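Step one of this worksheet: look at the structure below.
The values are calculated or read from the model by the stated rules, or taken from the named source; none is laboratory data. What you see is a predicted model, and the numbers here were worked out from it, not measured in a lab. Counting neighbours? That spans all protein chains shown, and the Cβs are built from the backbone with ideal geometry, glycine included. With ligands, DNA and RNA removed, areas are computed over all heavy atoms of the protein, side chains included. Shrake-Rupley method; radii C 1.70, N 1.55, O 1.52, S 1.80 Å.
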Amino acid sequence: MAQVAEAVSGRDSRATDRRDAWWLAPVAVAAGLGITGLYLFWAAFQNAHFRFGNYLSPVYSPEIHPSWWPPSPAFLILIPPLLFRTTCYYYRKAYYRAFFWDPPACAVGEPSRKYTGETKFPFIMQNMHRFALYLAIFWLIFLWYDVYEAFHFENGFGIGLGSIFILLSTLTLTLYTFSCHSWRHIVGGKLDCFSCSASARARHGLWQRFTGLNERHQLYAWISLFSVTAADVVVRLLSMGVIQDVRFL
Ligand code: FES
């Protein structure tokens with residue numbers, strides 16, 4: 001343990017005795033977050049081609065056009081999801097490593113010894129994650145309504161290419177939201193005894209189920225991010241006439 005501490009205590013960033021490709025994970029995270037982040041910023045900036053018939057891009061949901069906000073409404077709409085993701089326990093680890101290299105990986109040197117944790121501004125704001133979760137759950141109501149609309153065409157129920165992408169986007173966002181560590185704590189936290197009452201036993205049962213989801217939180221974080229991006233791409237390409245919608249039913 002003392003050797004590890006000594007290995008990482010050097011002032012040079014990346015000082016380590018590790019011989020594996022420890023840099024691969026932070027580089028992959030930086031690439032994944034960088035590419036999707038840039039695309040979603042560009043899509044939000046466009047303020048166009050976010051609707052095609054009964055399909056609405058999740059980047060512009062709920063569809064609002066406030067007269068007091070001249071820029072793209074997506075910059076308002078994306079505030080709750082952005083707060084939710086930036087304060088997410090998993091993403092915090094991922095982007096601290098990928099973008100701040102503080103530290104870049106376990107047992108690897110850090111660029112600075114001045115890290116004060118999440119006790120000072122701005123990082124103390126990370127503690128509002130539970131409130132961002134409440135907003136994210138509220139946002140899911142709009143997104144599931146979009147799913148309902150995406151399966152209802154002029155002639156009734158149907159399944160199109162856009163329906164599938166919008167469903168996948170909302171489904172994976174729901175898995176991501178309810179696999180949240182804060183949600184797991186809301187469901188089963190602050191209980192001293194899991195078997196002492198009927199309500200405690202019910203909460204324990206729910207806690208076990210959400211723990212199963214929670215174990216895959218990292219996976220849901222990524223597939224939901226890619227699914228939202230893909231749903232916007234499909235709606236955008238349909239709206240621009242670059243591709244044609246395919247009706248399966
Ligand atoms: Fe990741 Fe709550 S911990 S969304």
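Some points to look at:
So that you can scan it fast, the table gives a plain yes or no per residue for (1) modelled with pLDDT of 95 or more; (2) within 30 Å of residue 21 (Cα to Cα):
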residue: 100; (1), (2): no, yes
residue: 113; (1), (2): no, yes
residue: 119; (1), (2): no, no
residue: 137; (1), (2): yes, no
residue: 140; (1), (2): yes, no
residue: 158; (1), (2): yes, no
residue: 165; (1), (2): yes, no
residue: 171; (1), (2): yes, no
residue: 174; (1), (2): yes, no
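- Residues of region 70-104 classified as among the basic types (Lys, Arg) and surrounded by fewer than 19 Cβ atoms within 10 Å (Cβ to Cβ), total: 2
- Against the test of being without any contact (Cβ under 8 Å) to a residue 12 or more places away in the chain, at negative phi and of a type in the set (Gly, Ala, Ser), the options 61, 72, 67 yield a single qualifying residue, 67.
- Unmet requirement for residue 21, which otherwise passes all of (1) open to solvent by 70 Å² or more (accessible area, probe 1.4 Å); (2) over 30 Å from residue 157 (Cβ atoms); (3) in a loop (DSSP other than H, G, I, E, B): (1)
Okay, residues lined up against (1) open to solvent by less than 30 Å² (accessible area, probe 1.4 Å); (2) hydrophobic (A, V, I, L, M, F, W, C):
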| residue | (1), (2) |
| --- | --- |
| 211 | yes, no |
| 222 | no, yes |
| 228 | yes, yes |
| 234 | yes, yes |
| 240 | no, yes |
| 243 | no, yes |
| 247 | no, no |
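- Residue list for region 28-61, restricted to those being of a type in the set (A, V, I, L, M, F, W, C), surrounded by 14 or more Cβ atoms within 10 Å (Cβ to Cβ) and either modelled with pLDDT under 95 or more than 18 Å from the chain's Cα centre (by Cα) (or both): 50, 52, 56
- Selection of helices (runs of 4 or more DSSP H) fully inside region 41-140 by the criterion of at least 3 residues being within 16 Å of the ligand (Cβ to nearest atom) returns 79-86, 89-95.
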